[in-house]
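The structure appears right after this line, and notes come after that.
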């Protein structure tokens, strides 16, 4: 079930957003104070002048330290998580993907989603779809309110869906648009 939800999050991003704009070029950087995994998104133009979104994932301490899951983990999940890490390791410490502007959505200042369902390669690894979403998470503990951002890169490899999720504190993401 987790795999199906993950897969849907980048192929059908519109079910999440109530009021959205299509054809945007997200421009943001999310990096923790102690850099673990950072996400960068910026507008670019290809050699034909087409507007694209370039999205970069960088694991500062190597891909062995890449986030592979977010949620409750039990001892039973360790083999599953190890298998996920082995696939994510194939992508390397740093990789970049590009999206057509038309395949990106915006809903609010910090809520973006870009996706591509076409066959492609990431650092030589064949994938059948990939995308990213950003989320704003509001947490309240007693009277303390805390806002964080989550960025998740998702891809499909050999029919299975994989996520690289990372959550950032309120000052660790810089959204320029």
Given the Cα-Cα distance of residue 136 and residue 123 and 0.36 nm per residue of separation, how much length would full extension add, in nm? 1.7 nm
Estimated D of the chain in µm² per second, where Rh is the Kirkwood radius over Cα pairs and Stokes-Einstein applies at 20 °C, 1.002 mPa s: 128 µm²/s
Among 46, 65, 93, which one shows the highest mean-square fluctuation when the chain is modelled as a Gaussian network with alpha-carbon springs under 10 Å? 46
Based on DSSP H runs of at least 4 residues, each adding -39500 (n - 2.57), what is the mean residue ellipticity at 222 nm of the chain after dividing by all its residues, to the nearest 500 deg cm²/dmol? -4000 deg cm²/dmol
So what is the relative contact order of segment 2-172, in percent, for Cα pairs below 8 Å that sit 6 or more residues apart? 25 percent
Run the quick spin-label model on residue 82 and residue 102: label points 7 Å from Cα toward the beta carbon, then report their separation in nm to one decimal. 4.6 nm
Within a Gaussian network of the chain (alpha carbon springs, distance under 10 Å), most fluctuating of 140, 45, 98: 140
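Bear in mind that the values in this text are calculations on the coordinates, not laboratory data. Note that this is a predicted model, so its numbers are computed, not measured. Neighbour counts are summed over all protein chains in view; Cβ atoms, including those assigned to glycine, are modelled from backbone coordinates with ideal geometry.
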